[in-house]
Amino acid sequence: MRISNRFITIEGIDGCGKSTQAEMLSDWLSLRFGKNKVVKTYEPGGSGNEIRNILLNSSMSERSELLLFLADRMEHVQNIILPALCENKWVICERYIDSTIVYQSFGRGIPACEIERLFAWCEFPVPQLTIYLDVPVDVAVSRVDSRGNKDRIESVGIEFIRKIYSAYKQLSIDRKRIVRVDASLDIHKVADSVRNVLEERFELKS
Ligand code: TMP
């Protein structure tokens, strides 16, 4: 089966502006390629199952948490991501495999090699490009605070968030697929930077 390489993920700490940038990017791609050629989705919960609710609200062991994120992803990949890629659509996904490496390995302490083995077993497709939205911890935390009603993972505390922040930084240095974008600027400037990355990576400049 031939699948397209138009698979883009957006990553960063909670409060980095992922949803806004995913929206702006998919609007821009829709204008260029047509609305029916773009799928905007997210994890956990993008396939509409109940796992997101359990993950964000129930306490559980680190391994259960990992396995639930993977089960959620399996459904998402099978039902949303792969069908869209098979139809040569653009897929813009908020959070994906790098969230699991960062949160469950660097954050919770499960060895990354074990998680990578599970990714391989699940045969998750690897994105062509990952945009890492880099925003300082204090800015992101105040955005999350202003929304109120934090979920279980957002409530873990500042030290955990700092750990996650350093992990994203490290991953964006180690992996060529991941491009860091300064997300502390005005949202339109950030959106311009994201588009520039896409134009370059996918040779979209006309
Ligand atoms: P969201 O609020 O950005 O949708 O994400 C929900 C939380 O789930 C967020 O704190 C990050 C966390 N998460 C993981 O810990 N591991 C994962 O694999 C994913 C996809 C999200």
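The values are calculated or read from the model by the stated rules, or taken from the named source; none is laboratory data. The model shown is predicted, which means the values in this text are computed figures rather than measured ones. Please note: Cβ atoms are built from the backbone with ideal geometry, for glycine as well, and neighbour counts cover all protein chains shown. Note: areas computed on protein heavy atoms with side chains; ligands, DNA, RNA excluded. Shrake-Rupley method; radii C 1.70, N 1.55, O 1.52, S 1.80 Å.
For this structure, a couple of remarks:
- Relative contact order, percent, the chain [alpha-carbon distance under 8 Å, six or more residues apart]: 32 percent
- Isotropic mean projected area of the C-alpha convex hull, the range 24-90 (nm²): 5.1 nm²
- By accessible area with a 1.4 Å probe, ligands and nucleic acids excluded, highest first: order of ARG180, ARG195: ARG180, ARG195
- Of ARG177, ARG73, ARG95, the one that fluctuates the most in a GNM where the chain has Cα springs shorter than 10 Å: ARG177
- Residue among LEU55, ASN88, PRO44 farthest towards the positive dipole end of the range 33-136, charges placed on Cβ: ASN88
- Enclosing the Cα atoms of the chain in their convex hull gives a volume equal to 121 cubic angstrom per residue.
- Surface share of carbon and sulfur [accessible, 1.4 angstrom probe, percent] for the range 64-127: 59 percent
- If you run the Gaussian network model on the chain, springs between alpha carbon atoms under 10 Å, then out of ASP151, ASP14, ASP186 the most flexible one is ASP186.
- The relative contact order of the range 1-102, computed from alpha carbon pairs under 8 Å that lie at least 6 residues apart in sequence, is 50 percent.
- Among LEU31, LEU66, LEU133, residue whose mean-square fluctuation peaks in a GNM of the chain (springs only between Cα atoms under 10 Å): LEU31
- Heavy-atom surface of the range 63-206, accessible at 1.4 Å and reported per residue (Å²): 51 Å²
- Estimated translational D of the range 72-112 in µm²/s (Stokes, Kirkwood radius over Cα pairs; 25 °C; 0.890 mPa s): 214 µm²/s
- Global size of the range 79-169 as Cα Rg and Dmax, reported in angstrom: 15.3, 43
- For the range 153-194 versus the range 95-111, the gap between their alpha-carbon centres in whole angstrom: 14 Å
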